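Let me begin by presenting the structure, written as structure tokens, before commenting on it.
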Amino acid sequence: MFKKANNLKKIISQPKNIVITTHRGPDGDAMGSSLALYNLLINIGHKVNVITPNDYASFLNWMPGNDTVIEYDGNEEKSILITSKADIIFMLDFNSITRLDNFSQTVSDSKAFKVLIDHHQDPDMKIADLIFSDSTSCSTAQLLYELIEAMNMTNDINMDIAECLYVGIMTDTGSFKYNSTTSRTHNVIANLIDKGARNSKIHDLIYDNSSADRMKLLGYCINDKLLLYPENNAAIISLTDEELNRFNFKKGDTEGIINYALAIKGIIFAVLIVQRGDIVKLSLRSKGNFKVNLIANKYFNGGGHTNASGGMTYMTVNETIKKVESIINKYKKELNN
Ligand code: 5GP
Ligand code: MN
């Protein structure tokens, strides 16, 4: 880490044109780490643009620097032009170029120096020139903090940067409750609070910021849409386009719903199935040793972490439910372990 961090410190010691990008459907860690890095690099004199493949939940858009973020979808020409001028591209919170979706070709074609900072398992080592990868880290935001520390730059962490990092760590640890949370995580968080991160306010801005429609959608999911397989400790919730429309769906509204299925006593495997036009998105969550990243990868063209993964299919919602049910049956032994 130190040698590579020193290397990076040298590279960013002169003003550069920099692009920061992150995975499609950016979550709190993706946006938190990207905007933390954005603010750090801006403050030391770089020209920086954050380009996301697409849009993200509105509960993230209060973060400092958010107003400058460019979404590739809908701003293709601008994004391609900016990327063509980049000396450095930072890639945060993903391990395979395909996670950039429509923006991936532009990034892979670019001759810029590429730096990957990520906490997913088995990153594609060909996607960047310099790789900071640690799958034991709870979040890309924590890994970025470690990197800033290794570069001897913690003095550059101001309140804005601290709050962005806080968001990344908080959201990717389920508010410091997942297994990935360590004493180190709490130490980093303590440092961020000392740098000015308004911890209580941030929880409020992220979690207590729902529309009434979203809360009603949540109630509907639990009341009407929860399929339980108690003999296999599993649960499924599914939503069609029509149901989403009924609750005036906005980006981010389904985030967190799956955790309520996992909050039921005994449930160790939960799947949220959401129709999005022609595709169906899956969110897979587990407790303990049941590795949902293997399931996401093997059956749903996706991946992620041991206990939190995602994927997609081109099947209908009902076909997807059937497929997940057959997977639950197939893995009944592991689920009853
Ligand atoms: P979510 O269920 O919140 O969409 O995603 C949970 C985690 O799964 C993400 O943090 C990410 O690591 C991973 N993930 C989600 N969708 C995909 C996907 O399509 N491909 C891969 N490789 N990982 C995904
Ligand atoms: Mn992450």
For the stretch 19-44, how many residues are more than 8 Å from the chain's Cα centre (by Cα) and of a type outside the set (A, V, I, L, M, F, W, C)?
9
Do we find that residue 279 is within 11 Å of ligand 1 (Cβ to nearest atom), farther than 18 Å from residue 229 by Cα, among the β-branched types (Val, Ile, Thr) and touching a residue at least 12 places away in the same chain (Cβ under 8 Å) in this structure?
yes
Every residue in the stretch 93-123 that is within 16 Å of ligand 2 (Cβ to nearest atom), charged (D, E, K, R) and modelled with pLDDT of 95 or more, please.
93, 99, 118
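Report yes if residue 45 is touching a residue at least 24 places away in the same chain (Cβ under 8 Å) and in contact with a Pro (Cβ under 9 Å, 6 or more places away or on another chain), otherwise no. Show your work before the answer.
Numbers: touching a residue at least 24 places away in the same chain (Cβ under 8 Å): yes; in contact with a Pro (Cβ under 9 Å, 6 or more places away or on another chain): yes.
Yes; evaluated as a whole, the condition is true for this residue.
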Give me a count of the residues in the stretch 227-251 that are assigned to a strand (DSSP E or B) and more than 25 Å from residue 314 (Cβ to Cβ).
1
Hey, among the residues in the stretch 182-209 that are touching a residue at least 24 places away in the same chain (Cβ under 8 Å) and of a type in the set (S, T, N, Q), which one's least open to solvent (accessible area, probe 1.4 Å)?
185
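Results for (1) in contact with a Leu (Cβ under 9 Å, 6 or more places away or on another chain); (2) surrounded by fewer than 22 Cβ atoms within 10 Å (Cβ to Cβ), shown as yes or no for each residue.
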| position | (1), (2) |
| --- | --- |
| 256 | yes, yes |
| 259 | no, yes |
| 285 | yes, no |
| 293 | yes, no |
| 300 | yes, no |
| 326 | no, yes |
| 336 | no, yes |
Can you work out which of the residues in the stretch 275-297 that are among the charged types (D, E, K, R) and within 20 Å of residue 256 (Cβ to Cβ) is nearest to ligand 2 (Cβ to nearest atom)?
285
Tally time: how many residues in the stretch 308-330 are under 17 Å from residue 232 (Cα atoms) and either modelled with pLDDT under 95 or not charged (D, E, K, R) (or both)?
6
For the list (1) within 16 Å of ligand 1 (Cβ to nearest atom); (2) modelled with pLDDT of 95 or more; (3) within 22 Å of the chain's Cα centre (by Cα), I need the number of the one condition that residue 304 fails.
(2)
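The values are calculated or read from the model by the stated rules, or taken from the named source; none is laboratory data. Worth saying up front: this structure is predicted, and the values here are computed from it rather than measured. Cβ atoms come from the backbone with ideal geometry, glycine included; neighbour counts cover every protein chain shown. SASA here: full protein model, heavy atoms, side chains in, ligands and nucleic acids out. Shrake-Rupley method; radii C 1.70, N 1.55, O 1.52, S 1.80 Å.
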